[in-house]
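Engineer: Let me begin by handing over the structure; questions about it come next.
The values are calculated or read from the model by the stated rules, or taken from the named source; none is laboratory data. Just so we're clear, the structure is a prediction, and the values are computed from it rather than from any experiment. As a convention, Cβ positions derive from the backbone with ideal geometry for all residues, glycine included, and neighbour counts pool all protein chains shown.
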Amino acid sequence: MLEITLSVKNKYIDKSKEFLDKYILLILIGALTAISIVYFVTYLNNGLGLAYNDARSHLDIGRRVVEGLKPGLAQLGSVWLPLPHLLMVPTIWNDYFWHSGLSGALQSMISFVATAIIIHFFLKEMGVSIFGRLVGVMVFVANLNILYLQSIAMTELLLIATMTAGVYELYLWHKNGQILNIIKSSFWIMMASLIRYEGWFLMLYAGVLIIIEVFKRKGFKSAEGTAVFYATLAAFGVFLWFLWNLLIFKDPLYFILGPFSAKAQQDQLEAAGVLITKSNLLLSIKIYLYALFYNSYTIPAILALFGAILYWTDKKIKPGLKIAITALFAPLMFNILALYLGHSVLFIQGISGTSWFNVRYGIMMMPSISIFIGYLVSRIKDFRWVIVGILLFITYFAFSNYDAVTIDDARVGSSQKNVSEVSGYLAQNSANEKGFILVSAASHDAIIFSSGLPMKRFIHEGTGAYWESATTSPDSWARWIIMRTNDDNDLVWRSVSRVPAFDNYILVASYPFADIYEIKQELIGQLHTEPVLGKQK
């Protein structure tokens, strides 16, 4: 009787495994898509979907490509790499997609689903059981910071998806040596290089790994040829970005040295004495590890470290695969290096700065953490339920306490800007009145977005001749001027406050974030209130 019972039980288990093997991908895609949509709607309805100032800026950049006083691809600018904004173009023309943030969130949501699926496949290639794969996917999906960032118009999830895909294909190439995997890896890394500069670091790191592996197998000549083959596609995005800056801004290094570059921002922070990680390697490591721990809830990161050690010490795994998987740590290496060199800034409340800022950078390691925890669960079978129990315990408390440092950063950190007073004034006083609004998009993009006004109402740095004329003769163009008084970092104040025509304006509202000036009533009749410059080159 016992033998019959065990036989039935084993058949049931075998059928269950067969069912999962056959339908696991469809089940995951369906469940992940549902989760993604639910959380987008949740954060849209509770007002957090547009809390990040950068999210509003990303949406405005995409919108300016299709609408404004000077629409076109030149509106992509050089502050951020272009791919996220290009992906918005098919939908950003729609006001709902723009103002709900869905145009930007959509790519994050798709990336969320894609990354979870890649984690599943990555673990499968590592020989991990279905159970271990599902645990790995769960670690990624059940992270509240991931769920928030996948719901908004930020670049983290898109970057995570492309980088993880690039490393996955690189791992496959080290495993089977098929040239198609190098092509796929090159493509995804090229895409990552058009999202954020972590992609540039991964491009170089993966190139070094490829050269080492081919050199070991076939010698110098083959390594040289393969490196050129890899770089032809992987570095194509970087080449295009240099070319773009040359053609649009007449300087291939404009994105590095220009007035809106990260360097210019870091120079201001250094002058203010808050760029404390520059030239301090130990502090750079400490700050990024804190960001990593806050984003991962610490214990998963520690468990992942044990999983990584187990992987690297497994004598059955080929050395090439052990080397290849180190590419998962590219975001860790890049962010520490960027902090050390002073090219990045990251504030941890209570450690560096008095608030949060860019703490979301720590989320970049979540695919690596998920993969190594999945591997750990598969290897240590006797303790797998203990590990799962710990993970469920952490997840329960994170969700019950609404513990997400990325949400804290968006709500109360330096990444948020409460511009509701300024944008509310504009919405109330200018929506039904004619006249342009002069404002620096570099300083006040959040105001432009939050006002709800059409993009064509604003004269900003990207409007060409309108900007040049309005900053020298504002009383011919601008009915309202938005700027921070006495702040030369505000390009409008720097220009307008020095011209005689500024005497024709009166301060009508003053707020902590910006002031609003309006032209004197008797001079409204002399203003241009409609676009008259036609198409500009």
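Engineer: Being surrounded by fewer than 24 Cβ atoms within 10 Å (Cβ to Cβ) and assigned to a helix (DSSP H, G or I) is the filter here, so list the residues in the range 142-155 that pass it.
Structural biologist: LEU144, LEU147 - these are the residues of the range 142-155 that are surrounded by fewer than 24 Cβ atoms within 10 Å (Cβ to Cβ) and assigned to a helix (DSSP H, G or I).
Engineer: Condition first: hydroxyl-bearing (Ser, Thr, Tyr) and without any contact (Cβ under 8 Å) to a residue 40 or more places away in the chain. Now tell me which residues in the range 421-436 satisfy that.
Structural biologist: Within the range 421-436, the first condition is being hydroxyl-bearing (Ser, Thr, Tyr), and the residues that meet it are 423, 425, 430.
Listed by number, the list holds a single entry, SER423.
Engineer: Among the candidates ILE212, ILE189, ILE182, single out the residue that is farther than 28 Å from LEU83 by Cα and either in contact (Cβ under 8 Å) with a residue 12 or more places away in the chain or of a type outside the set (Ser, Thr, Tyr) (or both). Outline the logic, then answer.
Structural biologist: Working: ILE189 fails: farther than 28 Å from LEU83 by Cα; ILE182 fails: farther than 28 Å from LEU83 by Cα.
Exactly one residue qualifies, and that residue is ILE212.
Engineer: Looking at the range 67-84 only, could you name the residues that are aliphatic (A, V, I, L, M) and either at pLDDT 95 or above or touching a Gly at 6+ places or on another chain (Cβ under 6 Å) (or both)?
Structural biologist: Of all residues in the range 67-84, those aliphatic (A, V, I, L, M) come to 69, 73-74, 76, 79, 81, 83.
Within the range 67-84, LEU81, LEU83 qualify.
Engineer: Continuing with this model, one more query. Do you know which residues across the range 460-483 are crowded, with 18+ Cβ neighbours inside 10 Å and either aliphatic (A, V, I, L, M) or out of contact with any Ser or Thr (no Cβ under 7 Å at 6 or more places or on another chain) (or both)?
Structural biologist: GLY462, THR463, TYR466, TRP467, ALA470, PRO474, ASP475, ALA478, ARG479, ILE481, ILE482, MET483
Engineer: Scan the range 35-53 and give yes if some residue there is assigned by TED's automatic domain parsing to the domain that holds TRP244, of a type in the set (A, V, I, L, M) and buried (at least 22 other Cβ atoms within 10 Å of the Cβ), otherwise no.
Structural biologist: Of all residues in the range 35-53, those assigned by TED's automatic domain parsing to the domain that holds TRP244 come to 35-53.
Going one step further and asking which of them are of a type in the set (A, V, I, L, M), we end up with 35, 37-38, 41, 44, 48, 50-51.
Now drop any that are not buried (at least 22 other Cβ atoms within 10 Å of the Cβ), which leaves 50-51.
Yes, the range 35-53 contains a residue that is assigned by TED's automatic domain parsing to the domain that holds TRP244, of a type in the set (A, V, I, L, M) and buried (at least 22 other Cβ atoms within 10 Å of the Cβ).
Engineer: Restricting to the range 417-442, what's the tally of residues that are in contact with a helix residue (DSSP H, G or I) (Cβ under 7 Å, 6 or more places away or on another chain), among the polar types (S, T, N, Q) and not in a loop (DSSP other than H, G, I, E, B)?
Structural biologist: 2
Engineer: Being surrounded by 24 or more Cβ atoms within 10 Å (Cβ to Cβ) and at pLDDT below 95 narrows it down to one residue among TRP385, TRP356; which is it? I'd like the intermediate steps shown before the answer.
Structural biologist: Values: TRP385 fails: surrounded by 24 or more Cβ atoms within 10 Å (Cβ to Cβ).
Just a single option satisfies the conditions, and that option is TRP356.
Engineer: On to the next question. Considering only helices (runs of 4 or more DSSP H) fully contained in the range 79-138, which possess at least 2 residues that are in contact with a Ser or Thr (Cβ under 6 Å, 6 or more places away or on another chain) and crowded, with 22+ Cβ neighbours inside 10 Å? Break it down into steps so the answer makes sense when it comes.
Structural biologist: Numbers: elements: 83-92, 95-99, 102-125.
Filter on the range 79-138 gives 83-92, 102-125.
For every residue, the table says whether it meets (1) without any contact (Cβ under 8 Å) to a residue 24 or more places away in the chain; (2) in contact with a Pro (Cβ under 8 Å, 6 or more places away or on another chain); (3) polar (S, T, N, Q).
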| residue | (1), (2), (3) |
| --- | --- |
| THR326 | no, no, yes |
| PRO331 | no, no, no |
| ASP382 | yes, no, no |
| LEU391 | no, yes, no |
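Engineer: Ok, one more. Would you confirm whether or not the range 295-313 contains a residue that is in a helix (DSSP H, G or I), in contact with a His (Cβ under 8 Å, 6 or more places away or on another chain) and not aliphatic (A, V, I, L, M)? Please lay out each step first, then the result.
Structural biologist: Going residue by residue through the range 295-313, those that are in a helix (DSSP H, G or I) are 295-296, 299-312.
Then drop every residue that is not in contact with a His (Cβ under 8 Å, 6 or more places away or on another chain), which leaves none.
Checked against the condition, which is being in a helix (DSSP H, G or I), in contact with a His (Cβ under 8 Å, 6 or more places away or on another chain) and not aliphatic (A, V, I, L, M), the range 295-313 yields no hits at all.
Engineer: If you check PHE260, PHE187, which single one turns out to be of a type in the set (Phe, Trp, Tyr), in the same structural domain as LEU332 (by TED's automatic domain parsing), in contact with a helix residue (DSSP H, G or I) (Cβ under 8 Å, 6 or more places away or on another chain) and closer than 23 Å to LEU337 by Cα?
Structural biologist: Numbers: PHE187 fails: closer than 23 Å to LEU337 by Cα.
Result: PHE260 is the single residue among PHE260, PHE187 that is of a type in the set (Phe, Trp, Tyr), in the same structural domain as LEU332 (by TED's automatic domain parsing), in contact with a helix residue (DSSP H, G or I) (Cβ under 8 Å, 6 or more places away or on another chain) and closer than 23 Å to LEU337 by Cα.
Engineer: Restricting to the range 505-531, and then to whatever is farther than 12 Å from LYS434 by Cα and among the hydroxyl-bearing types (Ser, Thr, Tyr), can you tell me which residue is surrounded by the fewest Cβ atoms within 10 Å (Cβ to Cβ)?
Structural biologist: Selected residue: SER510.
Engineer: Kindly indicate which of ILE299, ILE309 is out of contact with any Pro (no Cβ under 6 Å at 6 or more places or on another chain) and free of Cβ contacts under 8 Å to residues at least 40 places away in the same chain.
Structural biologist: Of ILE299, ILE309, the one residue that is out of contact with any Pro (no Cβ under 6 Å at 6 or more places or on another chain) and free of Cβ contacts under 8 Å to residues at least 40 places away in the same chain is ILE309.
Engineer: Here is a follow-up. At positive phi and over 33 Å from the mean Cα position of the chain (by Cα): which single residue out of GLY525, GLY464, GLY452, GLY435 fits that description?
Structural biologist: Details: GLY525 fails: at positive phi; GLY464 fails: over 33 Å from the mean Cα position of the chain (by Cα); GLY452 fails: over 33 Å from the mean Cα position of the chain (by Cα).
Unique residue meeting the criteria: GLY435.
Engineer: For the range 270-290, how many residues meet the condition of being surrounded by fewer than 12 Cβ atoms within 10 Å (Cβ to Cβ) and within 24 Å of LEU305 (Cβ to Cβ)? Give the derivation first.
Structural biologist: So in the range 270-290, the residues surrounded by fewer than 12 Cβ atoms within 10 Å (Cβ to Cβ) come out as 271-273, 279, 282.
From what's left, within 24 Å of LEU305 (Cβ to Cβ): 282.
Going through the range 270-290 one residue at a time, the tally reaches 1.
Engineer: Is it true that SER355 is out of contact with any His (no Cβ under 8 Å at 6 or more places or on another chain), assigned to a loop (DSSP other than H, G, I, E, B) and either farther than 24 Å from ILE212 by Cβ or in contact (Cβ under 8 Å) with a residue 24 or more places away in the chain (or both)? I'd like the intermediate steps shown before the answer.
Structural biologist: Values: out of contact with any His (no Cβ under 8 Å at 6 or more places or on another chain): yes; assigned to a loop (DSSP other than H, G, I, E, B): no; either farther than 24 Å from ILE212 by Cβ or in contact (Cβ under 8 Å) with a residue 24 or more places away in the chain (or both): yes.
No, not satisfied.
Engineer: Counting only residues that are within 30 Å of ALA514 (Cα to Cα), more than 18 Å from the chain's Cα centre (by Cα) and not in a helix (DSSP H, G or I), how many does the range 366-416 have? First the steps, then the outcome.
Structural biologist: First, the residues of the range 366-416 that are within 30 Å of ALA514 (Cα to Cα): 404-416.
Now narrow it down to the ones that are more than 18 Å from the chain's Cα centre (by Cα): 412.
In the following step, the residues that additionally are not in a helix (DSSP H, G or I) were identified as none.
Qualifying residue count, the range 366-416: 0.
Engineer: Could you go through the range 450-468 and let me know if any residue there is touching a Pro at 6+ places or on another chain (Cβ under 8 Å), under 30 Å from VAL65 (Cβ atoms) and free of Cβ contacts under 8 Å to residues at least 60 places away in the same chain.
Structural biologist: Scanning the range 450-468, I find no residue that is touching a Pro at 6+ places or on another chain (Cβ under 8 Å), under 30 Å from VAL65 (Cβ atoms) and free of Cβ contacts under 8 Å to residues at least 60 places away in the same chain, so the answer is no.
Engineer: GLY72 is checked against (1) surrounded by fewer than 18 Cβ atoms within 10 Å (Cβ to Cβ); (2) touching a residue at least 24 places away in the same chain (Cβ under 8 Å); (3) at positive phi and fails just one. What number does that condition carry?
Structural biologist: It fails just one condition, (2).
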